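S.K.: Take a look at the following structure, please.
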Amino acid sequence: LSRASDQGLIEMMVKKDEVNSFIPMHGDAYSMNSIEPAFVNQIKVILKGEVSIPGEYTLSKGTKLSELLGLAGGHLERAYTFAGVLTRLSTMEIEKQINERIYQDMIAFIASNANGAQLASGNSFALILNEFRNKKPVGRVTAEFDLTKIRDNSSLDLSLADGDMIIIPEYKSEVYVLGEVLNPGARLYKPASTGKDYIKTSGGLGKFAEKNRAIVIHPNGDAFLYNDSYLSFLEKNIDIYPGTI
């Protein structure tokens, strides 16, 4: 507190337990000490998408994902929790470090290889190096966003971290068939359809398709590589959900 007096400007300290009984005077100027220490145990996260109250939340450290969803009023009717996305800064940093290490290892390999100059001059190799150099880290963490499942199994309840971004998308009934098929794109999801059905309705395999290599990516980000044989891939009981790629 700064207060004018006959002796000039004086500085006074008003303690916390004196605030209620303290009487301010005309002309007083107050400044509050930094309250940063009070926020040491707090985190900020952003919640977007199909919830009742999206926005930025300031939470206590250790807050669980289910608690945040509860504060946000829960999911809306059209929410597709299986396709929920949680991105984390620390995971982005790890991805960035891994990509940088792969890039540096490839440079070191060229430098130490007898045919390094020939390798480095190849267009394909240059494209691969450029891919790693420009690859943006995603930082996605696989998480469970279905409150019913979390209540049934508390081990699925993820602790949030500062800077987390959570997106609960709207349900969309498409399956995406991409790559070397005649007509790549989105197909209407049908519960009884198999991977073979979706490839068939995409015109079948293209001329240059690798028949012994297929990738399935579920809406929650989990990816599965099938590289034994094309026919084996189609005959397996592979789960296909809305939003599967």
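S.K.: Filter region 176-192 down to residues that are over 15 Å from Gly204 (Cα atoms) and not basic (Lys, Arg) and give me whichever is least open to solvent (accessible area, probe 1.4 Å). Can you show your working first?
M.R.: First, the residues of region 176-192 that are over 15 Å from Gly204 (Cα atoms): 188-192.
Next cut, not basic (Lys, Arg) only: 188-189, 191-192.
Values: Leu188: 109, Tyr189: 51, Pro191: 112, Ala192: 94 Å².
The residue in question is Tyr189.
S.K.: While we're looking at this one, here's another question. When both residues are 6+ apart or on different chains and their Cβ atoms are under 9 Å apart, which pairs have a first residue that lies in region 78-101 and is free of Cβ contacts under 8 Å to residues at least 60 places away in the same chain, and a second that is in a helix (DSSP H, G or I) and surrounded by 14 or more Cβ atoms within 10 Å (Cβ to Cβ)?
M.R.: Filtered contacts from region 78-101: Asn99/Phe132; Glu100/Phe132.
S.K.: Still on this structure: Collect the residues in region 41-67 that are open to solvent by less than 40 Å² (accessible area, probe 1.4 Å), out of contact with any Asp or Glu (no Cβ under 9 Å at 6 or more places or on another chain) and of a type in the set (A, V, I, L, M), keeping them in residue-number order.
M.R.: Keep residues of region 41-67 that are open to solvent by less than 40 Å² (accessible area, probe 1.4 Å), which gives 43, 45, 47, 49, 51, 55, 57, 59, 63, 65-66.
So of that shortlist, the ones also out of contact with any Asp or Glu (no Cβ under 9 Å at 6 or more places or on another chain) come out as 51, 55, 57, 63.
Within region 41-67, just Val51 meets the criteria.
S.K.: Which pairs turn up if I take residues in region 54-76 that are modelled with pLDDT of 95 or more and look for partners that are surrounded by fewer than 11 Cβ atoms within 10 Å (Cβ to Cβ) and among the charged types (D, E, K, R) with beta carbon separation below 9 Å, at least 6 apart in sequence or on another chain?
M.R.: none
S.K.: So which residues in region 196-238 are open to solvent by less than 50 Å² (accessible area, probe 1.4 Å), modelled with pLDDT under 85 and assigned to a helix (DSSP H, G or I)?
M.R.: So the first thing to find is which residues in region 196-238 are open to solvent by less than 50 Å² (accessible area, probe 1.4 Å), and the list is 198-199, 202-204, 206, 209, 214, 216, 218-221, 226, 229, 232-234, 238.
Now narrow it down to the ones that are modelled with pLDDT under 85: 214, 226, 229, 232-234, 238.
Once the filter is applied, which keeps residues that are open to solvent by less than 50 Å² (accessible area, probe 1.4 Å), modelled with pLDDT under 85 and assigned to a helix (DSSP H, G or I), region 196-238 yields Ser232, Phe233, Leu234.
S.K.: For region 149-158, how many residues meet the condition of being out of contact with any Ser or Thr (no Cβ under 7 Å at 6 or more places or on another chain) and open to solvent by less than 80 Å² (accessible area, probe 1.4 Å)?
M.R.: 3
The values are calculated or read from the model by the stated rules, or taken from the named source; none is laboratory data. No experiment lies behind these values; they were computed from the predicted model shown. Counting neighbours? That spans all protein chains shown, and the Cβs are built from the backbone with ideal geometry, glycine included. Heads up: the accessible areas ignore ligands, DNA and RNA and are worked out on the full protein's heavy atoms, side chains in. Shrake-Rupley method; radii C 1.70, N 1.55, O 1.52, S 1.80 Å.
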